[in-house]
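One structure below.
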Amino acid sequence: HTGRVFAVAFSPKGDSIVSSSDDKTLRRWDARTGQSIGQPLKGHEGAVRGVAFSPDGSRIVSGSDDRTLRLWDARTGRPIGQPLRGHVDTVYFVAFSPEGDLIVSSSRDRTLRLWDARTGHPIGNPIKGHDDQVTGIAFSPDGSRLASAGSGPWSGSWWALSLLASPLPRPSWSR
């Protein structure tokens, strides 16, 4: 990278790492040797703040200052489809659900968004509740709940399913 590194993630097998940077790129690394793999992944128009591998290790998702998420083929480094649009400010964190069917993103726009991991389409409306930027997110191990960090009346608390829906919405293809 030619700029600050904002996020890193190990692949599920632990053999590679992906990093994101304010140089608007992602890089893949061999976890054993520390050597870069291929060329930088280019496509974002702003700093890349968040990055995560899919549970099967085949895809990478990234979030950026350009207000978008992008999906990448983890093996080739090529972008998959068009940018995922919906946030109105910087996307800070991204995560795949344990099943790999959902992506969640958090943003400076004070929302979380759920996305269909296969099609890239948003699922439902933005999830609101924080008084300021949402700075962290995580799925529960069974994928049924979300936790978020940021400011707001329920900062750092577990999100009950009743706040989102019961059960957590899923893409039609994964039911």
Contour minus Cα-Cα distance for Asn125 and Asp73 (0.36 nm per residue): 16.0 nm
Per residue value of the accessible surface for segment 10-126 (all protein chains in place, 1.4 Å probe), Å²: 45
Only helical DSSP H runs with n ≥ 4 go in: add -39500 (n - 2.57) per run for the chain, normalise by residue count and round the 222 nm mean residue ellipticity to 500 deg cm²/dmol. -500 deg cm²/dmol
Using the scaling law 2.2 N^0.38 Å as the reference, what is the normalised Cα Rg of segment 1-103? 0.96
Determine the share of segment 1-155's accessible area contributed by carbon and sulfur atoms, expressed in whole percent, with a 1.4 angstrom probe. 46
Segment 1-53: D in µm²/s via Stokes-Einstein (Kirkwood Rh, Cα pairs, 4 °C, 1.567 mPa s)? 118
Once the Cβ-Cβ distance between Gln39 and Ser140 is put in as r, and R0 is 41 Å, what FRET efficiency do you end up with, to the nearest 0.05? 0.70
Report the per residue volume, in Å³, of the convex hull enclosing the C-alpha atoms of the chain. 106
Specify the inter-centroid distance of segment 19-66 and segment 118-138, based on alpha-carbon positions, in whole Å. 21
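The values are calculated or read from the model by the stated rules, or taken from the named source; none is laboratory data. For clarity, every value in this text was computed on a predicted model and none was experimentally measured. Because the Cβ atoms are built from the backbone with ideal geometry, glycine has one as well, and the counts that use them run over all protein chains shown. For accessibility, only protein heavy atoms count, side chains too; no ligands or nucleic acids. Shrake-Rupley method; radii C 1.70, N 1.55, O 1.52, S 1.80 Å.
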